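Student: Structure in structure tokens, see below.
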Amino acid sequence: MSDKLLVVGEVRDNDIRNVSFEAIAAARQIDQDAEIVGVLLSDSDLTSAGEELIAYGADSVITVTHENLKTYTSEGYGQALLEIIDELSPKGIVMGHTSIGKDLTPKIASRLSTGLISDVVAIEQDGENSIFIRPIYSGKAFEKKAFEDDFIFVTIRPNNIAALEKDDSRSGDVSAKDVDIKDLRTIVKDVVRKASDGVDLSEANVIVAGGRGVKSADGFKPLYELAEVLGGAVGASRGACDADYCDYALQIGQTGKVVTPDLYIAVGISGAIQHLAGMSNSKVIVAINKDAESNIFNIADYGIVGDLFEVIPLLIEEIKKVKV
């Protein structure tokens with residue numbers, strides 16, 4: 001086993017995702033002296049993305065480019081990653097707790113016959129041992145876990161472990177590796193995305209989420225405008241999705257996405273426990289609702305009792321004034 005820690009980054013539409021940088025910071029917390037090796041997989045040139053990883057703290061980067069990596073499949077990514085692991089024999093692997101991470105890492109852990117700690121939100125040190133903190137019971141409690149053997153394999157929740165400061169003066173080797181990815185049982189022919197363009201919901205620092213109180217699909221339009229002004233993303237409660245006001249890709253909650261933005265604005269959301277499970281760890285929560293007795297106000301840092309169709313335009317107007 002080497003002194004290397006692998007950080008598996010993610011690239012979407014040729015842009016590297018922020019959770020990749022956060023994973024580097026997590027790896028550095030695990031072992032300050034380890035060699036951090038970034039891994040990037042795609043069907044297109046990854047040189048610039050690799051240089052980004054170097055600037056954010058990676059010591060070197062391995063890129064794998066193959067036509068079978070154009071769209072994520074656990075088989076394609078798994079073949080590439082397992083070959084790199086076999087060659088480098090790292091002491092651990094860190095990856096984002098994203099849709100890809102949640103699908104890929106259990107399969108890799110099974111092949112390696114090793115443990116996996118998922119959805120890590122913080123890392124502590126107990127002597128030479130790393131202690132990983134993760135939420136349980138829909139975020140109502142936290143548990144601390146550690147590995148009994150020397151191999152470390154974790155996924156980290158986006159927006160919880162701050163990325164290291166970018167340093168463009170850092171240098172490191174970005175090398176391409178040829179991997180023969182073949183015999184795929186699953187081939188993705190086409191991808192139809194219903195999710196909105198713009199900031200990815202799971203990584204957004206600002207989220208404006210609508211509930212049944214938005215009343216219609218048209219009622220989401222002011223929320224999109226507010227999110228655009230704030231440079232954030234739009235989310236929704238399950239009630240809004242069930243009512244067909246928006247696509248389920250926007251759902252936040254126990255059966256949807258779990259988010260931890262710096263600012264969460266809940267608009268027309270009552271605050272059902274299932275929804276709170278997906279956003280209650282947001283750093284600042286602002287609730288806008290006509291019903292002063294709504295449960296959402298019990299966890300909100302700031303509350304506005306009023307008609308959202310009157311409040312949102314006023315907020316947009318005031319924010320635009322500040323930004324001028």
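Just so it is clear, none of the values below were taken in a lab; they were calculated from the coordinates. Note that the structure is a prediction, hence the values are computed from the model and not measured. FYI the Cβ positions are ideal-geometry reconstructions off the backbone, even for glycines, and counts take in every protein chain you see.
Student: Quick one: net charge of Asn281's neighbours, Cβ under 11 Å, K/R +1, D/E -1?
Tutor: +3
Student: At a Förster radius of 41 Å, what calculated FRET efficiency corresponds to the Cβ-Cβ distance of Thr47 and Ser138, to the nearest 0.05? Don't skip to the answer; put the middle values down first.
Tutor: Working: r = 42 Å, r/R0 = 1.02.
FRET efficiency, Thr47 to Ser138: 0.50.
Student: Identify all aspartates and glutamates with a Cα-Cα distance to Lys166 below 14 Å; exclude those on the same chain that are fewer than 8 residues away in sequence.
Tutor: Partners within reach: Glu22, Glu51, Glu52, Asp59.
Student: Now a separate question. Could you work out how far apart the two model spin labels at Asp183 and Gln29 are, taking each label as a point 7 Å from the Cα in the direction of the beta carbon, and quote it in nm?
Tutor: 4.0 nm
Student: May I pose another question? Report, in listed order, any pair from Lys102/Lys257; Lys91/Lys257; Lys91/Lys182; Lys257/Lys283 with a Cα-Cα distance greater than 20 Å.
Tutor: Pairs exceeding the cut-off: Lys91/Lys257; Lys91/Lys182.
Student: At 7 Å along Cα-to-Cβ for each site, give me the label-to-label distance between Asp247 and Lys283 in nm.
Tutor: 2.9 nm
Student: Separate question: Convex hull over the alpha-carbon atoms of the stretch 246-304: what's its volume per residue in Å³?
Tutor: 73 Å³
Student: In degrees from 0 to 90, rounded to the nearest 10, what is the angle of the helix 221-230 Cα long axis to the longest principal axis of the chain?
Tutor: 60 degrees
Student: Sticking with this one: Tell me whether the stretch 11-96 comes out rounded, prolate or oblate; compute the Cα gyration tensor, take square roots of the eigenvalues as a ≥ b ≥ c, and use a/c under 1.5 as the rounded threshold.
Tutor: oblate
Student: Quick one: if you stick a label point 7 Å off each Cα along the C-beta vector at Tyr302 and Ser74, how many nm between them?
Tutor: About 4.3 nm separates the two model spin labels.
Student: Okay, moving on. Where both partners of a DSSP beta bridge lie in the chain, what percent of those bridges are antiparallel, to the nearest 5?
Tutor: Here the share of antiparallel DSSP bridges comes out near 20 percent.
Student: Rounded to whole Å, give me the distance from the Cα center of the stretch 46-102 to that of the stretch 257-324.
Tutor: 37 Å
Student: Taking other Cβ within 10 Å of each residue's Cβ, how do Phe297, Phe142 sort, fewest first?
Tutor: Starting with the residue having the fewest Cβ neighbours, the order is Phe142, Phe297.
Student: Then there is this: Could you pull out every residue, at least 5 positions away or on a different chain, whose amide H is within less than 5 Å of the one on Gly303? Hs are placed 1.01 Å off N in the peptide plane, and Pro or chain starts have none.
Tutor: Ala287
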